[in-house]
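Presented below is the structure to which this report refers.
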Amino acid sequence: MDTLACGFQALKYPACTKLMGPVVPGAVMPGGARVPGTSYELDPVQAAFNIGAMIRWLDFNDTWLAAEWGHPSDSLGGILAVADYLARKAVMEGKAPPTVRDVLTGMIKAHEIQGCIALENSFNKVGLDHVVLVKVATTAVVAAMLGLGKDEIINALSLAWVDGQALRTYRHAPNTGSRKSWAAGDARALSIIQNLPIN
């Protein structure tokens, strides 16, 4: 609830909302994933970016401090976007949709994955941004939500680890800009678009 509240508060800031919506103006996906607090129905990838940008815009959501710091609730953007997409698709097909319990279970798993890796691994010491953990945790959870098998999940996680990690430069002066606020949303979207089949 706190994570969503951070996102709803960010909707008051035009610098955040101007980044939201479909990539191509007017390109909506009826039956797609909804972006809370807006009228957008988008493909799950773009919805994950939108929700993620909202959540992190004000930098108020949870913080985990260990060898690497981060914000485990950043994974909610990808989890919520895929859960809503899968739920709406299931209803249209007359199947049982994912439940709020499934979303909460996914969040617990994402927190554990990100938190356990962060305990003893400092990515910032080698110049990498902590959103790598968001990408990995979101990939693992969303892969399971999509029904991938063990080997497919391992393949998706391998791609999440090796595929172009962000450098930390945009988190420090004089380079700090709005990317700091949407980087985790980007990591969530990348975890879906680059690694996972959505049919």
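The values are calculated or read from the model by the stated rules, or taken from the named source; none is laboratory data. Because the structure is a prediction, the values reported are computed rather than measured. Backbone-built Cβ (ideal geometry, glycine too); neighbour counts: all protein chains shown. What goes into the accessible areas is simple: the full protein's heavy atoms, side chains included, and nothing from ligands, DNA or RNA. Shrake-Rupley method; radii C 1.70, N 1.55, O 1.52, S 1.80 Å.
Below 8 Å between Cα atoms, with a sequence gap of 6+, how large is the relative contact order for the stretch 1-157 in percent?
Across the stretch 1-157, relative contact order equals 20 percent.
Would you mind working out the accessible area per residue for the chain, using a 1.4 Å probe, and quoting it in Å²?
Details: 9660 Å² over 199 residues.
Result: 49 Å² per residue.
Below 13 angstrom from the Cβ of residue 176, what's the summed charge of the other residues (Lys, Arg +1; Asp, Glu -1)?
Net of charged neighbours comes to +2.
Could you pull out the pairs from 125/150; 125/180; 18/125 whose alpha carbons sit more than 23 Å apart here?
125/150; 18/125
Calculate the dipole size of the chain relative to its Cα centre from +1 charges on Lys and Arg beta carbons and -1 charges on Asp and Glu beta carbons; express the result in debye to the nearest 20.
360 debye
At residue 29 and residue 121, where each label point lies 7 Å from the Cα along Cα→Cβ, what is the point-to-point distance in nanometres?
Roughly 2.8 nm, to one decimal.
Just to verify a number: FRET efficiency for residue 93 and residue 152, C-beta to C-beta distance, R0 = 22 Å, to 0.05? Please report the intermediate quantities before stating the final value.
Numbers: r = 22 Å, r/R0 = 0.99.
Once the sixth-power term is evaluated, E becomes 0.50.
Could you please put 179, 171 in sequence from largest to smallest accessible area, using a 1.4 Å probe? Before the final figure, lay out each step's value.
Working: 179 80, 171 25 Å².
I get 179, 171, largest accessible area first.
Give me the one-decimal Kirkwood hydrodynamic radius in Å for the stretch 48-158, with the sum taken over alpha-carbon pairs.
Details: mean 1/r = 0.0684 Å⁻¹.
Final number for the Kirkwood radius of the stretch 48-158 is 14.6 Å.
Note down, for the stretch 86-140, the three equivalent ellipsoid semi-axes (square root of 5 times each alpha carbon gyration tensor eigenvalue), biggest first, whole angstrom.
So the three semi-axes of the stretch 86-140 are 33, 12, 5 Å.
Give the accessible area for residue 108 in Å² (nearest 10); use a 1.4 Å probe, count only protein heavy atoms, and leave out ligands, DNA and RNA.
Its accessible surface works out to 100 Å², give or take rounding.
Distance in nm between label sites at residue 159 and residue 102, each 7 Å beyond Cα in the beta-carbon direction?
2.1 nm
Only helical DSSP H runs with n ≥ 4 go in: add -39500 (n - 2.57) per run for the chain, normalise by residue count and round the 222 nm mean residue ellipticity to 500 deg cm²/dmol.
Value at 222 nm, helices only, nearest 500: -17000 deg cm²/dmol.
Go through [x] 199; [y] 118; [z] 158 and flag the label whose value is the computed volume of the Cα convex hull per residue in Å³ for this structure.
Only one listed value fits the structure, namely [y].
Whenever you get a sec, compute what percent of the accessible area on the chain sits on carbon and sulfur atoms (1.4 Å probe).
Details: 5930 of 9660 Å².
Heavy-atom surface of the chain belonging to carbon and sulfur, 1.4 Å probe: 61 percent.
Using DSSP to define loop residues, name the trypsin sites (Lys or Arg not before Pro) in the stretch 1-108 whose beta-carbon has at most 15 other beta-carbon atoms within 10 Å.
When the trypsin sites (Lys or Arg not before Pro) of the stretch 1-108 are filtered for loop state and at most 15 Cβ neighbours within 10 Å, 12, 18, 95 remain.
Taking a virtual spin label 7 Å from the Cα of residue 59 along the C-beta vector, which residues in the stretch 67-98 bring their backbone nitrogen under 15 Å of it?
Within reach of a label on residue 59: 69-71.
Per 10 Å bin, what percent of the C-alpha pairs of the stretch 1-117 does each bin hold, from zero upward?
Going out from 0 Å in 10 Å bins, the stretch 1-117 shows 14, 42, 33, 10, 1 percent.
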